[in-house]
Structures are given as C-alpha cells and as structure tokens.
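What follows is a set of notes on a single structure, which appears directly below.
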Amino acid sequence: MTKQKKITAATLLRAKQQHKKTVWLTAYDATTAELAESAGAEVLLVGDSLGMACLGFDSTIPVTLTQMIHHTAAVVRGRTRAWVVCDLPFGSYQQSKEQAFASSVRVLQESGCDAVKIEGGVPMAETIAFLSERGIAVVAHIGLTPQSVKKFGSYGKRGTDKAGRAQLIQDARAVTEAGAVSLVLENIPFDLAGEITDSLEISTVGIGAGPDCDAQVLVWNDLLGISPSNPPFAPAYTKLRPLINDAISRWVDDVKSGQFPKKS
Ligand code: KIV
C-alpha cells in the first residue's frame, strides 16, 4: 500500500486551485483524531468548542491555553497525516501581537501541531501578519466568532445587513493580505460566503456558510449526535447519544442483576 502524503498548508492551497473540497472535523483527543482521520478527515481542528464538547463549560470563554495544549498534544499523537490546527483560546492573543506570538510558540512547541487559529478580521490583521512573518501558519475565523458572544449576546447569523456584509468582505481581505493560510467562515449568508470564497486566493472553511466554501468543518459531537442539541446549521449524521445510553444502561442492569460478569 502506498503511504499517503502528509497534509500541509500547501495541500489546502492546491485543493482550492484544483476546485477540490477539503474536509475538516474537530477532534479533542487521540481517539477522536484517529477515528476522524481514518474516516477521511484531512484537517483536525482542536477547536475551543472543547469547552462545551468535553470540559462541561457553557461557552468557549473559560477554556485556557494549557487545556488547549493538553488536548492538542493528544490529537497530534492520534493523527498520522492530517493537518492539526489548534484554536488560541480567549485571552491568549487579543492583548498584543507579542502575546499572540508567545501563545503560538507554546502551542506549537508543546503540542506538535501545525497551525493556530484566531478569531477576528481587520482588528487581528496586524497580529496575523506578525505571526505569519515569523513562520507561523495562521487560520483566521470571521463571521460568528464564539469568543465574542458576550459582546454580541447571541450565536446568531452575522453579515445579514449591508454594513455587516461589507465589514466581512473587508475582514476576509485584511486577514488574507496579512498572511492567513485559510479562513473559517461561520454562520454567514451563503451567497456572501460564496462571494468571499471566489474573491480570495486562500481556502475558506464553512460552518453554516453554505456549499460554496472550499472546505467544510463540523464539531465532532454535533456530527455524531452526541450533543444534547445541535445548531441549525450542523446536522447529525448519526445518533450516538441514545446508542451510548442504551449500551451503558444495559450493562448497569446486568451488573445490578448479577448477569455480568458471567461465571465462566
Ligand atoms: O471551536 C470550534 O470548534 C470552531 C469551529 C466551530 C470552527 O471554531
């Protein structure tokens, strides 16, 4: 069997140029990484959705850099060829470009991942340029940016009016010119995502942004039906939650009734 080549930032660019879709999926540990990659995911995003998916928080705000590094290192141990991206969590990069650089160095050195992701458009362009000029692969994230939920007050769609659309187009252009290698577009009108995708040299990654993005990403727990409820734009492809519940409760019943373990 021929060994498949490792995915890199250049692979994503080539895929865009060749009009080939790329598949991203969140992963949070070595098991989810191995399962996601063996099923065909090419990029593993250790999103700060970690906070809700695994750590029991009700938003991404409490997630720390140390937690992100701990989980990203596990994902790196579980991957073979996928490109691994780690979210810089809230408070670990917004203060200054120097803070963003120090956080990125920790993430790259301590986890072994390939890229960092930061939320924000025009206000983050200078930071992205600073990281990119120092050899760090940066994925930008605009549209619905969950780390700003306290400011916006909801996880609703962004870019729905004329000014919002113009701002997102400006954001997309600014992060691209700053050197971002890819751009996540979350929960924005489909036609706007298509317009942004067509206008950029780098690949766009959609979540709730329609079919015209170069890549798609979903959260592991949503795709597999583990989340108690999904955002409207994130369909569950199976329903693991009731299956898991059924397996555990049958085993509990067997232990309680003395049927597990068997005598021989
Ligand atoms: O944290 C995350 O999982 C993300 C994706 C939803 C893009 O940022």
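Within the stretch 236-259, which residues are open to solvent by less than 70 Å² (accessible area, probe 1.4 Å) and either on the phi > 0 side of the Ramachandran plot or in contact (Cβ under 8 Å) with a residue 12 or more places away in the chain (or both)? Across the stretch 236-259, the qualifying residues are Ala236, Thr238, Leu240, Gly258.
Would you please name the residue that is least open to solvent (accessible area, probe 1.4 Å), looking only at residues in the stretch 149-173 that are free of Cβ contacts under 8 Å to residues at least 24 places away in the same chain and either assigned to a helix (DSSP H, G or I) or among the hydroxyl-bearing types (Ser, Thr, Tyr) (or both)? Quick ask: steps written out before the conclusion?
Restricting attention to the stretch 149-173, the residues satisfying the condition of being free of Cβ contacts under 8 Å to residues at least 24 places away in the same chain are 151-154, 161-164, 166.
Pick out the ones that are also either assigned to a helix (DSSP H, G or I) or among the hydroxyl-bearing types (Ser, Thr, Tyr) (or both) and you get 151-152, 154, 162-164, 166.
On the way: Lys151: 162, Phe152: 107, Ser154: 51, Lys162: 179, Ala163: 74, Gly164: 20, Ala166: 55 Å².
Across the stretch 149-173, the extreme among qualifying residues is Gly164.
Considering every residue within the stretch 182-194, establish whether at least one is assigned to a loop (DSSP other than H, G, I, E, B) and in contact with a strand residue (DSSP E or B) (Cβ under 7 Å, 6 or more places away or on another chain).
Within the stretch 182-194, one or more residues are assigned to a loop (DSSP other than H, G, I, E, B) and in contact with a strand residue (DSSP E or B) (Cβ under 7 Å, 6 or more places away or on another chain).
Which residues, taken from the stretch 64-93, are among the polar types (S, T, N, Q) and in contact with a helix residue (DSSP H, G or I) (Cβ under 8 Å, 6 or more places away or on another chain)? Within the stretch 64-93, Gln67, Thr72, Thr80, Ser92 qualify. A single entry from Lys16, Lys21 fulfils the requirement of being over 25 Å from Gly135 (Cα atoms), touching a strand residue (DSSP E or B) at 6+ places or on another chain (Cβ under 8 Å) and more than 14 Å from the ligand (Cβ to nearest atom): Lys21. Give me the residue from the stretch 74-91 that is away from the ligand (no atom under 11 Å from the Cβ) and not in a loop (DSSP other than H, G, I, E, B) and, out of that set, farthest from Asp222 (Cα to Cα). My answer is Arg77.
Within the stretch 212-234, work out how many residues are in contact with a helix residue (DSSP H, G or I) (Cβ under 8 Å, 6 or more places away or on another chain) and open to solvent by 50 Å² or more (accessible area, probe 1.4 Å).
Taking the stretch 212-234 first, the residues in contact with a helix residue (DSSP H, G or I) (Cβ under 8 Å, 6 or more places away or on another chain) are 212-215, 219-221, 224-228, 230-231, 234.
Still in the running and open to solvent by 50 Å² or more (accessible area, probe 1.4 Å): 212, 228, 230.
The total comes to 3.
Quick one: would you say Val138 is open to solvent by 10 Å² or more (accessible area, probe 1.4 Å) and within 16 Å of the ligand (Cβ to nearest atom)?
It is false that Val138 is open to solvent by 10 Å² or more (accessible area, probe 1.4 Å) and within 16 Å of the ligand (Cβ to nearest atom).
Can you tell me which of (1) within 15 Å of the ligand (Cβ to nearest atom); (2) under 19 Å from Leu50 (Cβ atoms); (3) free of Cβ contacts under 8 Å to residues at least 40 places away in the same chain; (4) not in a loop (DSSP other than H, G, I, E, B) is the one Asn230 doesn't meet? So Asn230 meets the others, but not (4).
Scanning the stretch 181-193 for residues that are closer than 17 Å to Gln17 by Cβ and more than 14 Å from the ligand (Cβ to nearest atom) turns up just one, Val181.
Residues in the stretch 74-98 that are open to solvent by 40 Å² or more (accessible area, probe 1.4 Å) and within 14 Å of Val116 (Cβ to Cβ): Phe90, Gln94, Lys97. Here Gly56 meets each of (1) assigned to a loop (DSSP other than H, G, I, E, B); (2) in contact with a helix residue (DSSP H, G or I) (Cβ under 9 Å, 6 or more places away or on another chain); (3) under 23 Å from Ser227 (Cβ atoms) with one exception, condition (2). In the stretch 114-135, of all residues being under 17 Å from the mean Cα position of the chain (by Cα) and open to solvent by less than 10 Å² (accessible area, probe 1.4 Å), the one that is farthest from the ligand (Cβ to nearest atom) corresponds to Gly121.
Which pairs turn up if I take residues in the stretch 44-73 that are away from the ligand (no atom under 12 Å from the Cβ) and look for partners that are basic (Lys, Arg) and modelled with pLDDT of 95 or more with beta carbon separation below 7 Å, at least 6 apart in sequence or on another chain? Going by the 7 Å Cβ cut-off, the qualifying pairs are Leu65/Arg106; Ile69/Arg106.
The values are calculated or read from the model by the stated rules, or taken from the named source; none is laboratory data. None of these values were measured; they are calculated from a predicted model. No Cβ is skipped: glycine too gets one built from the backbone with ideal geometry, and neighbour counts run over all protein chains shown. SASA here: full protein model, heavy atoms, side chains in, ligands and nucleic acids out. Shrake-Rupley method; radii C 1.70, N 1.55, O 1.52, S 1.80 Å.
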